[in-house]
1. Just one of Thr98, Thr92 is surrounded by 17 or more Cβ atoms within 10 Å (Cβ to Cβ) and in contact (Cβ under 8 Å) with a residue 40 or more places away in the chain; which is it?
2. Can you tell me which residue among Glu316, Glu260, Glu296, Glu278 is closer than 30 Å to Phe210 by Cβ and of a type in the set (Asp, Glu)?
3. Search segment 117-145 for residues being of a type in the set (S, T, N, Q) and closer than 25 Å to Gly256 by Cβ, and hand back the single one that is most open to solvent (accessible area, probe 1.4 Å).
4. Quick check on my filter: what residues within segment 39-61 are in contact (Cβ under 8 Å) with a residue 24 or more places away in the chain and either under 11 Å from Asn367 (Cβ atoms) or aromatic (Phe, Trp, Tyr) (or both)?
5. Select from segment 51-61 the residues that are of a type outside the set (Ser, Thr, Tyr) and modelled with pLDDT of 90 or more and list them in ascending order.
6. Grab the helices (runs of 4 or more DSSP H) fully contained in segment 356-473, keeping just those with 1 or more residues being modelled with pLDDT under 95, within 30 Å of Lys43 (Cα to Cα) and open to solvent by less than 10 Å² (accessible area, probe 1.4 Å).
7. Between a first residue in segment 130-148 that is farther than 22 Å from Arg90 by Cα and a second residue that is surrounded by 14 or more Cβ atoms within 10 Å (Cβ to Cβ) and of a type in the set (Asp, Glu), which pairs have beta carbons less than 6 Å apart while being 6 or more apart in sequence or on different chains?
8. May I ask you to verify whether Ala173 is closer than 20 Å to Pro109 by Cα and open to solvent by less than 10 Å² (accessible area, probe 1.4 Å)?
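The values are calculated or read from the model by the stated rules, or taken from the named source; none is laboratory data. In this text, all values refer to a predicted model and were calculated from it rather than measured experimentally. So basically every Cβ, Gly included, is an ideal-geometry build from the backbone, and we count neighbours across all protein chains shown. Protein only, heavy atoms only, side chains kept; ligands, DNA and RNA dropped before computing areas. Shrake-Rupley method; radii C 1.70, N 1.55, O 1.52, S 1.80 Å.
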Amino acid sequence: MPQLSPAKRALLEQWRTGNRGTAPQGITPHPAGEPARGSLQQKELWNLHQRSHGTTSSNITFAGTFPAAVDADAFRQAIDALSRRHEILRTTFSWDDTDTVWQHVHPSPMVELTVTDLSTLEPQEALAKAHELANEAAAEPFDLSTGPLVRPVLYRLGPAESMLAVIVHHAVADGWSLAIAMQEISRFYESFTGGAQYEPEPLPVQYKDFSEWQWRWRDTAEAHAHARHWADKVASHVATLLPTDFAKGEKKEFHGGLAELNLTPGLSTAVRELAQREQASMFMVLFAAFTVLVRELTGDPVVSVGTPVAGRNRPETHQLIGCFAGMVPTVTTVDDQQPFRELLHAVRAELASAVAHEEYSLDMYLNWVEPDRLFATRPMYAAMFGLQPPMRPFELAGARVRPVDLDRGETRTPIAMHLWNAEPSIHGTVGYAKAFFRDATVEAMVKRYADILRTATGDPGRPVGDLLLPEVR
């Protein structure tokens, strides 16, 4: 592999020969003031950023409306307090000629709140305008070298109505992080406006401490065991991709679309009840139906799907803001003659196996075990599927925040279904690359998914082949 650096070749040889290091101790503080290596997740995001300057495909968002006015000065104080508590929110990145990405923690908060007053508009017009402007903010790229990498915007919709949008680069946060951030900001804000004093316990470690620990852990016997599991499972596997409407390169590759998916309350209840009867999770039922959809679209009974994982196996990471999330591949063989119930059990076993090895996620695997693998010619999965738990409700300025979906306008993957476990109805979105799929094609996929799920939950003893379109059986 002549394209590999000497360092990468040495690491790969170390793994192949089974030369294992000693397990590191727990996550410990990195010396203050010293740059720390970026984590493996951050390294992959840096590489994407360098390949595709101006892309917003790594932006993540949270937005919500609430019936209250906001003291902007107190809110700025709350954001500053959050940034002082979590170093990652005042971090930028650099790269050197040894192929190392470095984190640089700045001493002072870098995040700036933007306030946009739309209160002179009619209520519905103000909300629509705020949503439009928030989507535009979500579609603005970040510069990892200069920062800041968080963009909060407060929209005043009326005397007692507001909307908040927070756009963050994935290199400094993930979905779990957004939940931490919003809970802590609301507590800080309450404190700065005269409420109960909020003085959280100091964090024992920061994200940079985790990333340094992660590089040491990669050389341990525990990590090697995870690596061998994935190598045995996917090293020779090449996924069959979904058929596309356009050949690669016909359109801008990162430009993305977003289709909504809303299950009825009755179908959502059926999913939950089937999961309970079969001693499976709701995620497993939804994932099994998605597996059938991919089987139908590709025509291949061997179905490969990637699913996101939290990557927070260590207790020290649970209260940290940062990029811990990863992706794991799954490979399920679908027997058209077997009842959907049996496919569900197979999916349950496959997901349990994947989660058991989630700490060694795809970024780490591709960095070490198969650093020369090209997804364009040897894809590992056909599509992505994830179920997000509902964000714990929180209040801002004494009012309950109602989440709002934003569209960053770009995507990193050809197609990805993300569902939310909400009451009474499960809902979500399908993000897709417009370089590959027409809007109508994805809308048809959404409808077929709901049809498959409805039939499968109505009669889980029915053969999988009966769930497929006649021309596929």
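1. Numbers: Thr98 fails: surrounded by 17 or more Cβ atoms within 10 Å (Cβ to Cβ).
Residue meeting the stated conditions: Thr92.
2. Numbers: Glu260 fails: closer than 30 Å to Phe210 by Cβ; Glu296 fails: closer than 30 Å to Phe210 by Cβ; Glu278 fails: closer than 30 Å to Phe210 by Cβ.
After applying the criteria, what remains is Glu316.
3. Within segment 117-145, the first condition is being of a type in the set (S, T, N, Q), and the residues that meet it are 119-120, 124, 135, 145.
From the residues that got through so far, the ones that are closer than 25 Å to Gly256 by Cβ too are 135, 145.
Values: Asn135: 38, Ser145: 60 Å².
The extreme case among them is Ser145.
4. The answer is Ser39, Leu40, Gln41, Lys43, Glu44, Trp46.
5. Asn59, Ile60
6. Working: elements: 362-368, 439-458, 464-467.
Those helices (runs of 4 or more DSSP H) span 362-368.
7. Taking only residues 6 or more apart or on different chains, the pairs are Asn135/Asp407.
8. On the way: closer than 20 Å to Pro109 by Cα: yes; open to solvent by less than 10 Å² (accessible area, probe 1.4 Å): yes.
The answer is yes for Ala173.
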